[in-house]
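Everything below concerns the one structure shown next.
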Amino acid sequence: MSTDRKNPLTEPRKSATFDDYTLSQIRRAAATGMYHIRGGGAKRALPHFDDLLFLGASMSRYPLEGYREKCGTNVVVGARFARTPLALDIPITIAGMSFGSLSAPAKEALGRGATLAGTSTTTGDGGMTQEERRHSRLLVYQVLPSRYGMNPDDLRSADAIEIVVGQGAKPGGGGMLLGQKLSNRVAEMRTLPEGIDQRSASRHPDWTGPDDLEIKIAELREITDWEKPIYVKVGASRPYYDTALAAKAGADVIVVDGMQGGTAATQEVFIEHVGIPTLAAIRPAARALQDLGLHRKVQLIVSGGVRNGADVAKALALGADAVSIGTAALVALGDNDPALEAEYNALGTTAGAYDDWHEGRDPAGITTQDPRLAARLDPVAAGRRLANYLQVLTLEAQAIARACGKSHLRNLEPEDLVALTIEAAAMAGVPIAGTDWIPGQRL
């Protein structure tokens, strides 16, 4: 121990409040006068699915034999009003990520992987590419406040329509695509000048409340001859009321996106401090549908931080009909691959932490519009990797369901779960492990 300090018996101690990252953010703000923009979702520790455990079968429950007894995984979404609902082989879908945010090969790979797995993918802001439509058996077309790339022909060629009210990473905030990713093709699709920063509106220009949304849903049904399911996607903030209002407005499917859900780019202060965790959003959303007598009639899709089959199974047990993945899908394609560590280092980061997707310099060729970088991604091979990942998620969820004695993933229920922390127990509405106590409920 050094003896040149005033008190050699006291070790230096860093602040938990002003940790190294916080100090670096203060220095960056002081040097630039600009807020920090990045992609991805919330990075700080939040109550999540890992805080829940399943109660496997023993004496009081009868497990199923994995090699001889089936466990179903299929789900039909959008059958409330649509003449052609989506029949999915698995309850895992691919979330909306735009062409512009992602490269054309990445969008194609998402379509290929989803098709191989028997599920759907989603366009994102900025319109539909032909590569994406051609390689996606089931494609959901997003309608956002920007209206970028929107046209009736693409609307009709989609298999479902998703009205995006908000994202989990930034509920109440608009989209952002910086000029370095506004290539000629992206700009042409969005009717924007090439190379100019694009900021989307935070609310739709066609309505100011749920009554207007009902009219917009009716318009979309008319333009698609009542054939396509209509989704409404909200960022998790007030999930009970948002879900109830969306259901009353006529939605076939409601997507609730928690704050662990990613984004292409927005202010970090938004990502980390606006919205609520995915775990906290599921039960209120499901309860809203139950109170309206619409649970399982209007499908609930949950997104935001889903990583493995246990997460899938827990979301379904809490009341979701399906989940949606975005960040995990990009990792399956090759995002943040340690094989590219040297190139990530050259960008001032490391594999697993790269989130400057807005800069368009992604060495994996996924979150870029640079033709040289985008050409690195083989959409066929990347699509196979995504399909493999989706298969593993499904097999893991089935293994858990069988252990709980369920012959279908949709039969999982809150009674199959317990919590490890008081916070998770209160959010999920399940008891603390080893007790009958659910925090917040009367004994």
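Summary of values
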{"quantity": "Search result, residues across segment 84-102 that are more than 20 Å from ILE366 (Cβ to Cβ) and open to solvent by 20 Å² or more (accessible area, probe 1.4 Å)", "calculated": "THR84, PRO85, ALA87, ASP89"}
{"quantity": "Some residue of segment 242-254 being surrounded by fewer than 21 Cβ atoms within 10 Å (Cβ to Cβ), touching a Pro at 6+ places or on another chain (Cβ under 9 Å) and over 17 Å from ARG44 (Cα atoms)", "calculated": "yes"}
{"quantity": "Entirely in segment 352-443, the helices (runs of 4 or more DSSP H) that have 3 or more residues that are open to solvent by less than 30 Å² (accessible area, probe 1.4 Å)", "calculated": "379-403, 422-428"}
{"quantity": "Residues (farther than 14 Å from ARG83 by Cα, in a helix (DSSP H, G or I) and open to solvent by less than 10 Å² (accessible area, probe 1.4 Å)) located in segment 212-238", "calculated": "ILE217"}
{"quantity": "In segment 149-183, residue nearest to THR278 (Cα to Cα) [restricted to those that are surrounded by fewer than 23 Cβ atoms within 10 Å (Cβ to Cβ) and without any contact (Cβ under 8 Å) to a residue 60 or more places away in the chain]", "calculated": "GLY174"}
{"quantity": "Subset of segment 156-205 that is among the acidic types (Asp, Glu) and not in a loop (DSSP other than H, G, I, E, B) - its residue that is farthest from the chain's Cα centre (by Cα)", "calculated": "GLU188"}
{"quantity": "Residues that are touching a helix residue (DSSP H, G or I) at 6+ places or on another chain (Cβ under 9 Å) and either of a type in the set (Asp, Glu) or more than 16 Å from ALA265 (Cβ to Cβ) (or both), drawn from segment 196-216", "calculated": "ASP197, HIS204, ASP206, TRP207, GLY209, PRO210, LEU213, GLU214"}
{"quantity": "Which listed residue is within 30 Å of PRO431 (Cα to Cα), within 23 Å of the chain's Cα centre (by Cα) and not polar (S, T, N, Q), from ALA328, ALA382, ALA364", "calculated": "ALA328"}
{"quantity": "Residues located in segment 275-298, provided they are touching a Phe, Trp or Tyr at 6+ places or on another chain (Cβ under 9 Å) and either closer than 14 Å to LEU245 by Cα or free of Cβ contacts under 8 Å to residues at least 40 places away in the same chain (or both)", "calculated": "PRO284, ALA285, ARG287, ALA288, ASP291"}
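The values are calculated or read from the model by the stated rules, or taken from the named source; none is laboratory data. Here the structure is a predicted model, which is why all the values come from computation and not from measurement. All Cβ positions, glycine included, derive from the backbone under ideal geometry; neighbour counts span all protein chains shown. Accessible surface areas use protein heavy atoms only, side chains included; no ligands, DNA or RNA. Shrake-Rupley method; radii C 1.70, N 1.55, O 1.52, S 1.80 Å.
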